[in-house]
Structure formats: structure tokens, C-alpha cells
Amino acid sequence: MPSGRVLVMGAGTGACNNLVRSLKAGDAGAYIVGCNDDRFTLKQSSADRLYLTPPVTAAEFESALLRLLDHEKIDLVIPSGDGDVLALSTLRDKLGSRCFLPDAQVIDLCQDKLDLTQFLAARGLPVPATCAVTHLDRVGVIFKQLGRSRPLWCRVRAGSRSLGAAPVNTVRQARAWIRYWEEMRGIPADRFTLSEYLPGRDFMCMSLWRDGQMVLVTTFEKLSYFGGESHPSGTSSLSSLAKTIIDDRLVEISNRAIRAISPEASGAFSIDLKENAEGIPCITEINAGRFFIGMTAFDQVSKHSTSATYVCLALHQPLNLQDAYVTLPDHYVVRDLDTLPGVFSAEALFAGVNPSLADVPSPPAR
């Protein structure tokens, strides 16, 4: 673990607790400060010192953050969500070397899924065919444009955790779904997209970059989802079970995409990909400036810690990475509410687990 005083935003959430554990695993004496605008969540943090801060959207957030950084002599701020990334990006001139983020225009592009998809498609990257819903009356036209394959995928073009996402088979379903979000959540129709549905395997590619070079990359496959059974799609953006995999296709596609959007890329880029009907991994979104939620739990079995490497890159400290692709295959992370995530090798999954009693022969009758 590199030396440095680190501030973790969103402290107390499961994702940030994973991150803090990962940072401390490399150096038990690491000094980590946590902040959050929710005092109840903040209380759950294992960081060394905790600070209640205003929401990142509040006018007073800037002054509160800068005072905190100066008071604690913080070397680096690590964001936990897209809102944190955007807030830090806005303040980058005042933060200086204390933030390690992609360029502001890159963050803006990646936080609009429609703009990102169109940008990548124009450069030959595999993405789902996608159309903007400019008005509810246009939904029928879009269904014709996207061909006969059903369902289509409907979602909001900004936001995280599958906001407003659902598969739809008919024009009527799509209009009803969008209208519901308009009326209940105040999200207008022109914030939605309709796109080709991707039926294949669901992947994640988490990468770190410095000056246009991919320094570290690791890849995962989602196998099951938090709350998937209660969502129309049967999925969500949060995995309850994921595994490490080796798949050079994911690295190659992600490498091309990041170089396309930022030839001098620096910082963290987390890429979601899903296979289309032909088995080709297509990019569905890129989280610029932050890690995947919960995936730093894999740091405990990785060849190199993603979180520690991130800090080293940000603080310009020496690294000894002989290979950028550091994934150890066939390790699983199991996550659930109110439990620490478990990370197990494929072999360890069976250790200490007895077979089902249904498979044990019944004793002979007396």
C-alpha cells in the first residue's frame, strides 16, 4: 500500500467499506478519512476519521470539502459514485493533484449513455443499436427503425443502477413505461432511449490509466443480480454473484474505447459490456473516474490491488507491474445485504459444504 492520506467519499456504503478494507489490507497503518452527507450511513464506515459533509449538489459543498482537505492534509480524494465524480471534476482546478480523474469532457460524455453510444458507434466500437426518445409519439417509429427483434431495451440516458430500465415488447408497453416514470418520478420522455436488447453474458472490465496507457485491467462476469427477481428485466446493475474471468475480447474492446474517447486517458474507467445475439461483447456504459460498486472486494485475491495501484498512480509513486492484465480466473465474490462480501476460489466453494441430504442414501428399513 502506498503512503498517503486518502479521503473516501460516500463512506459507510458497502462499496466504500470494500474500498477501505482493500486499502488497509496493503498497509494496516494507512490513514483513511471518510465523508458522507448521510450520518447514518457514515456511521457504518471503518475509516479512521469520519466527517459529515453537505450533499455534493449543495452550494456549501465546495467550501466544506476544501476545509476538510486542508484540515486533514489529504493527498487524494477517491469518489464513489457518478455524482461524486462530477462534483470533483467541477472543482478540479481548486483540488489540483488531490483528484485523479479523466478530463472533464470525457466525464460529461460518459455520463450521457446516448452520447457515449453514438460516439463509440461512429468509431466502429461494438454497441447496441440505440435511438433517442424525443417524444412519446416517436416510439412507434423507433420500433420500426430497430427491426423485428424483440424485446427492446428501454432506459434513462443518464444515472446509475439501471435507472428506468426495462425490456419492452410493444409500442404500448414502451409508452406506458416511459409515461409512468414521467408521472411518478418527473423524468421526461426525452431522457429515455430505446435500444437493441442484448441477450448474452454480462461482463465488467475495470481499468486504470495513466497518460494514455492502460496500467492495470481486470475482468469479471455477472452471474446473478441484487433484486433481479423484482425487476421487469430479471437483472440489475448490481451483481450478487460475480466471478473473475480471462477474456481478451473485453480488454481489447475496452482499450479501443478508452483510447477513442481520451487518447491521453488518466484515472479509473469501469466498462460494462454485454453480448449481443452473435456473442459479440457490446459496450453499454462507461463509468469514468470511479470503480465498479463492490468489485474492489476482489483486491484480496488479485495479483495487484486495484485500489492501491490507483493511489500509486495518483500520487506518482513507483509501480512494479509486469503485466497490465492481472485477473486471477475462477474466483467468485458473493454479496448480500448485511454481510461482508465473500471471495472464494472455485475449489474453496465446495470446502466444508456437505452434500444435499436428498443425495444421501436412506438407511435400510429395520
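The values are calculated or read from the model by the stated rules, or taken from the named source; none is laboratory data. Just so you know, these numbers come straight off a predicted model, no measurement behind them. With ideal geometry, Cβ positions are generated from the backbone for all residues, glycine too; neighbour counts draw on all protein chains shown. Heavy atoms of the whole protein, side chains included, go into the accessibility calculation; ligands, DNA and RNA do not. Shrake-Rupley method; radii C 1.70, N 1.55, O 1.52, S 1.80 Å.
Ratio of Rg to Rh for region 1-148: 1.11 [Cα atoms; Kirkwood radius as inverse mean 1/r over pairs].
Estimated from helical segments only, the mean residue ellipticity of the chain at 222 nm is -8000 deg cm²/dmol, where each DSSP H run of four or more residues counts as -39500 (n - 2.57).
Between the alpha-carbon centres of region 273-315 and region 162-214 there is a gap of 20 Å.
For region 176-303, the relative contact order works out to 25 percent when only alpha carbon pairs closer than 8 Å and six or more residues apart are counted.
Convex hull volume per residue, computed on the Cα atoms of region 185-297, equals 133 Å³.
Here each label is just a point 7 Å from Cα along the line to Cβ, and for residue 339 and residue 104 those points are 4.5 nm apart. Neighbours of residue 182 by Cβ distance under 12 Å: Lys/Arg scored +1, Asp/Glu scored -1, total +2.
Per residue, the chain exposes 47 Å² of solvent-accessible protein surface, assessed with a 1.4 angstrom probe and all protein chains in place.
Pairs of Lys residues in the chain that lie 8 or more places apart, or on two chains, and have C-alpha atoms under 17 angstrom apart add up to 7.
In this structure residue 347 has an accessible area near 140 Å², from a 1.4 Å probe over the protein heavy atoms. The Cβ shell under 9 Å around residue 297 holds other residues with a net charge of +1, Lys and Arg each +1, Asp and Glu each -1.
The modelled label-to-label distance for the pair residue 301/residue 190, using points 7 Å beyond Cα in the direction of Cβ, is 4.8 nm.
Taking the accessible area of region 251-331, probe 1.4 Å, and keeping the other protein chains in place, the carbon and sulfur fraction comes to 50%. Give the carbon-plus-sulfur fraction of the accessible surface of region 11-77 in %, rounded to a whole number; probe 1.4 Å, heavy atoms of protein chains only. Of the solvent-accessible surface of region 11-77, carbon and sulfur hold 51 percent. For region 242-366, the fraction of C-alpha pairs farther apart than 22 angstrom is 52 percent. Accessible area per residue (1.4 Å probe, heavy atoms of protein chains only) ranks 316, 331 as 316, 331, with the largest value leading.
Cut-off 10 angstrom, C-alpha nodes, Gaussian network model of the chain. Which of 187, 78, 258 fluctuates the most? In the Gaussian network model the winner is 187. Structural descriptor for the chain: relative contact order 17 percent, calculated from alpha carbon pairs under 8 angstrom and at least 6 residues apart.
Each principal axis of the Cα cloud of region 96-232 was taken in turn, and the coordinate range along them, longest first, works out to 49, 32, 32 Å.
Relative to the present Cα-Cα distance, how much length would full extension add between residue 67 and residue 224 at 0.36 nm per residue of separation?
52.3 nm
A Gaussian network model of the chain, with springs between Cα atoms under 10 Å, assigns the largest mean-square fluctuation among 299, 247, 137 to 137. Distance from the C-alpha centroid of region 48-117 to that of region 1-40: 15 Å, rounded to the whole angstrom.
When 310, 180, 31 are compared by accessible area of protein heavy atoms, the largest-first order is 180, 31, 310, using a 1.4 Å probe.
Each residue of region 211-221 is assigned a 3J(HN,Hα), and the resulting list reads 6, x, 10, 6, 8, 8, 8, 9, 10, 9, 10 Hz, derived from the Karplus form 6.51 cos²θ - 1.76 cosθ + 1.60 (θ = phi - 60°), x at Gly and Pro.
What number, in nm² with one decimal, is the all-direction average of the projected area of the convex hull of the alpha-carbon atoms of the chain?
Result: a mean projected hull area of 22.9 nm².
Annotation: extensible slack from residue 320 through residue 211 equals 37.5 nm (criterion: 0.36 nm per residue apart, minus Cα-Cα distance).
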